[in-house]
1. Given the condition touching a Gly at 6+ places or on another chain (Cβ under 7 Å) and among the hydrophobic types (A, V, I, L, M, F, W, C), answer yes or no: does some residue in the range A:131-142 qualify?
2. Among the numbered criteria (1) out of contact with any helix residue (DSSP H, G or I) (no Cβ under 6 Å at 6 or more places or on another chain); (2) surrounded by 20 or more Cβ atoms within 10 Å (Cβ to Cβ), which one does A:ASP158 miss?
3. Among the listed residues A:ASP142, A:ASP186, A:ASP203, A:ASP209, which satisfies the condition of being crowded, with 22+ Cβ neighbours inside 10 Å and more than 8 Å from every other protein chain (Cβ to nearest Cβ)?
4. Being touching a strand residue (DSSP E or B) at 6+ places or on another chain (Cβ under 7 Å) and either away from chain A (no Cβ under 14 Å) or of a type in the set (Gly, Ala, Ser) (or both) is the filter here, so list the residues in the range B:328-375 that pass it.
5. How many residues are surrounded by 24 or more Cβ atoms within 10 Å (Cβ to Cβ) and assigned to a helix (DSSP H, G or I) when one looks only at the range B:285-302?
6. Among the residues of the range A:91-123 satisfying the criterion of being of a type in the set (Lys, Arg) and within 11 Å of another protein chain (Cβ to nearest Cβ), which is surrounded by the fewest Cβ atoms within 10 Å (Cβ to Cβ)?
7. Mind counting the residues in the range A:5-35 that are loosely packed, with under 13 Cβ neighbours inside 10 Å, assigned to a loop (DSSP other than H, G, I, E, B) and modelled with pLDDT of 95 or more?
8. When the range A:51-81 is examined, which residues are found to be charged (D, E, K, R) and within 14 Å of chain B (Cβ to nearest Cβ)?
Amino acid sequence: MSLDLSGRQYAHVDYDEKERLFDEVKGDLRYDEYLYGCYECGICVAACPSARFYDFSPRKIAQTMAREDVDLFYTLLNDSVWDCSQCFSCDVCPRKNSPGGLITLMREVAVKNGLASAQEALEGYGRVVYKIMATGTQVSPDMLQANAFPDWGPHVKDIAKNLEYWRKALPPESMNTTETSWQVDDKTIIELYLIWHMTGVMDMIKEVDEGLFMILQDVMEEKLEDAGYDVSFD
Amino acid sequence: MIPHSALFNKPKDRTFTPDPSQAPTEDYHDILDQLEKEGEWEVHRVPEPYIEVKNKFGRTKKVPVEQTWHHKSCGQCGHIPGYSTSVFWLNRKLGLDYNDPTDQTSCTAWNYYASATSNAPAQAAVAMRNFAAAHETGYFPIIHCATSFGHYKEVRQQLIHSPELRSQVRKILKKLGKKLIMPEEVVHYSEWVHVMRDRIAEHQVIPMDHIAATIHPACHYHKLVGEDAIYAPEVYGNQRSAIITSTLQSLGVDVRDYSTWFDCCGFGFRHILVSRDFSRSFAVQRKIEVMKEEADPDILITHDTGCVTTLDQSQFAAKAHDKNVGLPVMSDSQIAALAMGAHPYKVLQLHWHSTDSKPFLEKLGIDHEKAWAEFEQVVDEIKAGERQSVTWEEVDV
């Protein structure tokens with residue numbers, strides 16, 4: 001699908017709102033290390049995997065931010081940033097820009113502000129967010145189900161069928177687990193929950209997926225209470 | 001269009017010698033020390049014995065030999081468990097002391113690069129909590145995942161340059177009863193494999209001098225804060241990161257070049273989980289097919305969670321479209337362990353991989369049918385309740 005850069009699709013959004021989001025990206029402590037201008041040489045595009053398969057350009061990201069083109073920024077914020085592979089091949093930039101880094105900041109602002117495009121991009125991703133925030137390991141052996149990874153081959157079905165026994169057959173005792181990638185101490189999980197609480201990450205989750213927020217809230221508050229912490233994520 | 005043969009006709013002896021005094025970036029070692037003097041944090045020193053190597057700009061990097069705290073990878077342990085098992089097996093086989101912690105969380109960077117449902121203070125706090133946990137044990141952190149490795153270097157840069165972030169993270173850690181500890185080096189496990197390659201080769205029992213391989217260097221290893229990556233004059237004249245290639249060459253493997261070596265694998269973080277059409281297409285069309293056409297390797301070796309996953313698992317669906325696929329994929333830890341005689345299923349856990357590795361095992365003279373029967377025997381015993389697990393002693397051949 002080609003990217004509509006005319007801005008017509010977002011003409012109804014107030015310029016002030018677009019500028020507020022732009023300033024939020026610009027205000028991040030990492031911004032000044034990710035952007036130094038743009039030679040418009042296109043080396044980042046040549047190195048970019050997403051540019052080969054999508055109508056996506058890391059150069060447009062750097063140029064738009066450098067020119068402070070607020071309208072185009074808003075278009076890219078909604079219709080482009082989720083195509084990025086976050087491989088940072090674009091760090092090859094001779095001007096020392098990091099278009100991938102700028103995209104990280106833009107995505108963060110999109111999530112924090114609950115943009116519909118961010119919610120759409122993260123549809124189907126809730127289980128992964130739950131795993132990492134609630135259990136301390138992001139992907140787990142029990143995620144390997146044939147209906148989730150049909151394109152990976154028939155071995156996925158074998159793994160799912162034999163999961164409990166194949167995990168016990170792993171020599172590292174820490175990996176004899178099915179719901180997490182390795183055994184994580186309760187004390188460690190508590191510390192992770194406290195980090196989420198002290199850094200406002202749960203507020204971001206609430207903006208993009210209220211149902212997931214409520215599930216995580218129940219899990220975390222109960223465990224923290226059991227550990228003697230009076231913590232609320234509201 | 002430039003023919004790809006032009007790529008291979010370059011002079012082989014062209015070596016670049018970096019001058020650290022001309023490096024375009026600051027030396028993080030000096031800043032870590034300065035901030036320690038100012039009381040901003042404590043630097044966790046690389047324990048002796050260590051081996052010194054050169055990074056991209058010719059600066060010295062210390063890689064610990066033992067007393068390592070293994071910061072595991074969620075994707076490796078969860079979906080490619082033979083990857084991490086092989087790292088531990090190598091340490092055991094070489095008689096080295098290590099720590100496999102349970103006081104460790106994932107770096108959470110896979111999720112961060114995929115969904116952005118986090119922020120700089122949270123990411124830095126997760127990293128520094130893990131580093132503090134390592135310091136408490138007296139073991140030095142060694143990072144299994146290239147994304148964790150790359151992200152932790154990003155975090156280090158952010159903490160170096162932002163007193164505000166340092167203050168914020170220090171306060172968070174204080175509430176957790178921990179100090180702000182910065183490791184002297186951020187070390188990737190494949191750097192440890194690199195520095196141990198001659199010792200690994202001394203223990204080699206499976207000859208590999210008739211094997212051809214291609215390698216894929218992980219983006220988050222050599223592109224993301226790329227100055228930490230290890231380079232060596234004997235590997236592409238200091239012009240590409242040395243690890244993997246150096247290890248394979250020590251094992252006698254013929255490492256073959258291909259034109260898209262710099263390309264990403266197609267993992268994409270969010271794409272591999274919820275938009276895999278992109279990952280599959282990129283991995284097959286820009287990597288696997290190019291390698292097969294230009295280099296005709298027996299095996300593809302890489303050194304990261306996402307790269308093994310994408311390059312291996314993407315090949316199955318491509319078979320339906322008559323794509324030129326069927327290239328087995330392993331990590332450097334797995335092939336090093338295999339060379340030293342590790343069991344292909346009890347240690348390398350190749351049954352978790354998608355692409356058929358049996359022809360490769362046959363070329364090495366390994367009886368995979370016998371090996372699989374041995375693994376199944378163990379699993380049957382676990383199922384029957386005759387045993388609970390597999391001990392290290394059983395696989396320490």
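The values are calculated or read from the model by the stated rules, or taken from the named source; none is laboratory data. Because the structure is predicted, anything quoted here is derived from the model rather than measured. So basically every Cβ, Gly included, is an ideal-geometry build from the backbone, and we count neighbours across all protein chains shown.
1. yes
2. The failed condition is (2).
3. A:ASP209
4. B:MET330, B:SER331, B:ASP332, B:ILE335, B:PHE360 - these are the residues of the range B:328-375 that are touching a strand residue (DSSP E or B) at 6+ places or on another chain (Cβ under 7 Å) and either away from chain A (no Cβ under 14 Å) or of a type in the set (Gly, Ala, Ser) (or both).
5. 3
6. The qualifying residue surrounded by the fewest Cβ atoms within 10 Å (Cβ to Cβ) is A:LYS96.
7. Qualifying residue count for the region: 4.
8. Answer for the range A:51-81, where residues must be charged (D, E, K, R) and within 14 Å of chain B (Cβ to nearest Cβ): A:ARG52, A:ASP55.
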